[in-house]
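What follows is calculated from the coordinates using simple rules that are stated; it is not laboratory data. All figures in this text were calculated on a predicted structure; none of them were measured in a lab. Virtual Cβ from ideal backbone geometry, glycine too; neighbours counted across all protein chains shown.
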Amino acid sequence: MTEYKIIWTPRAAENLKAIKEYIDVELCAPESALKIAQEIYEGASSLAQMPQRCPKDKEVPEYRFLIVGNYFIYFRIKEPIQVVEISFIRNQRQQRLQII
C-alpha cells in the first residue's frame, strides 16, 4: 500500500493553533482543547493511507475533505509525488465562501 507524505501549509497549521487557543482560552476548556487538537492532527495523519477515500469538494473539486468532529480538514493530493497537502481547517458552522 502506498504511503503519502503529509505536509501542512502555514494556513492549516495556524488554523489548528487558533482552534486550540479558542477552546482553551475563550471556552476555558484546556483539556478539551488538547483533545480536539490531537483528534484533528491524528485525522490529518491518517490521510497518509488512502487519502482518496475522502470525497472531493463539490464546489472546489481540487480539494478533498475529511470530517473530524465538528471540523473539516481540507486537503489536496499531489500526484505523482505522493504528497497530501493539508490546506486549511474550518468549523462546520463557518460560512463556506469566507474560507476558500
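Of the trypsin sites (Lys or Arg not before Pro) in the chain, the ones in a loop by DSSP (not H, G, I, E or B) with at most 13 other beta carbons within 10 Å are Lys58, Arg93. In this rough spin-label picture, where each label sits 7 Å from Cα along the Cβ direction, the Val25-Asn70 distance is 1.8 nm. What percent do you get for the relative contact order of segment 5-98 when only Cα pairs under 8 Å and 6+ apart count? Normalised by residue count, the contact order of segment 5-98 is 31 percent. Extension gain for Ile81 to Met50 (0.36 nm times residue separation, less C-alpha to C-alpha distance): 9.7 nm. Looking only at Glu39, Glu14, Glu26, which one moves most when the chain is put into a Gaussian network model with springs between Cα atoms under 10 Å? Ranking Glu39, Glu14, Glu26 by mean-square fluctuation puts Glu26 first.
Classified by the C-alpha gyration tensor, the chain has a prolate form. Its axis ratio a/c, with a ≥ b ≥ c, is 1.5 or above, and a/b is larger than b/c. Springs join every pair of Cα atoms under 10 Å in this Gaussian network model of the chain, and among Pro55, Pro80, Pro30 the largest mean-square fluctuation is at Pro80. Estimated from helical segments only, the mean residue ellipticity of the chain at 222 nm is -9000 deg cm²/dmol, where each DSSP H run of four or more residues counts as -39500 (n - 2.57). Do any chymotrypsin sites (Phe, Trp or Tyr not before Pro) in the chain lie in a DSSP loop with no more than 10 other beta carbon atoms within 10 Å, and if so, which? Counting only loop positions with at most 10 other Cβ atoms within 10 Å, none of the chymotrypsin sites (Phe, Trp or Tyr not before Pro) in the chain qualifies.
Put in order of Cβ neighbour count within 10 Å, fewest first, the listed residues Thr9, Thr2 become Thr2, Thr9.
Across Leu34, Leu66, Leu47, mean-square fluctuation computed from a Gaussian network of the chain (C-alpha pairs under 10 Å connected) peaks at Leu34. With R₀ set to 35 Å, the beta-carbon distance separating Arg93 from Lys5 gives a calculated FRET efficiency near 0.65.
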